[in-house]
Ligand code: NI
């Protein structure tokens, strides 16, 4: 019983800094206690199957969101675009991935259209609702549909970018709206591992 409670507490602590879409979140102080990342089975912007194995061999910066997001996702993708530009040719040594938590609306075509606004190296993944839920669970990503007045919905979701090494081991998060110098130094550290 005690063990179960401790595990639950660790999961809750890990989830706590992952604030809703409109809020900031900080670095995760307990990341070493909780496994982040795991198997997933999604499709890319061309409808081709992708899994966690597709990301091995290069470090990865991965972020979960949705294309109808009013603020957090466009902000983060704009930041990511600036990071990739600042990294120059080294950016080619990184997987930059945006995973939809809105599979109902985010078809591969919609992802392709939306991501054409940002750095072309950013890949978009989506999938069935079940596959997306499984991926989000593996990555300890919180997301919750919120109905809007007059119909429709938005989605609250975790806002950190997660960094993984080339072997798929979680390294650390980049906090939402991290100062550009801080984010770049995290990415350069990741690429030099
Ligand atoms: Ni968002």
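Can you say whether residue 116 is more than 16 Å from the ligand (Cβ to nearest atom) and at negative phi, as far as the supplied structure shows? Can you show your working first?
On the way: more than 16 Å from the ligand (Cβ to nearest atom): yes; at negative phi: yes.
Here the answer is yes, as residue 116 does meet what is asked.
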Next item on the list: Could you grab the pairs with beta carbons closer than 7 Å, sequence gap of 6+ or different chains, first residue in the stretch 41-53 and without any contact (Cβ under 8 Å) to a residue 60 or more places away in the chain and at negative phi, second one surrounded by 13 or more Cβ atoms within 10 Å (Cβ to Cβ) and outside any strand (DSSP E or B)?
Entry: 51/40
Next item on the list: Tell me, yes or no, whether the stretch 123-145 has at least one residue that is closer than 18 Å to residue 57 by Cα and out of contact with any helix residue (DSSP H, G or I) (no Cβ under 9 Å at 6 or more places or on another chain).
Entry: no
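For every residue, the table says whether it meets (1) within 22 Å of residue 171 (Cβ to Cβ); (2) at pLDDT 95 or above.
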| residue | (1), (2) |
| --- | --- |
| 3 | no, no |
| 10 | yes, no |
| 34 | yes, no |
| 51 | yes, yes |
| 77 | yes, yes |
Checklist line | Single residue of the stretch 45-82 satisfying the filter (within 21 Å of residue 133 (Cβ to Cβ) and in contact with a helix residue (DSSP H, G or I) (Cβ under 7 Å, 6 or more places away or on another chain)) that is farthest from the ligand (Cβ to nearest atom) | finding: 47
Note to self: Just to confirm my filter: which strands (runs of 3 or more DSSP E) fall fully inside the stretch 102-193 and include at least 2 residues that are crowded, with 18+ Cβ neighbours inside 10 Å and modelled with pLDDT of 95 or more?
What the structure shows: 122-125, 153-157, 161-164, 170-174
Checklist line | Residue among 50, 99 that is under 17 Å from residue 117 (Cα atoms) and assigned to a strand (DSSP E or B) | finding: 99
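The values are calculated or read from the model by the stated rules, or taken from the named source; none is laboratory data. Quantities reported herein were computed from a predicted structural model and do not represent experimental measurements. Reconstructed Cβ throughout: ideal geometry from the backbone, glycine too, with neighbour counts over all protein chains shown.
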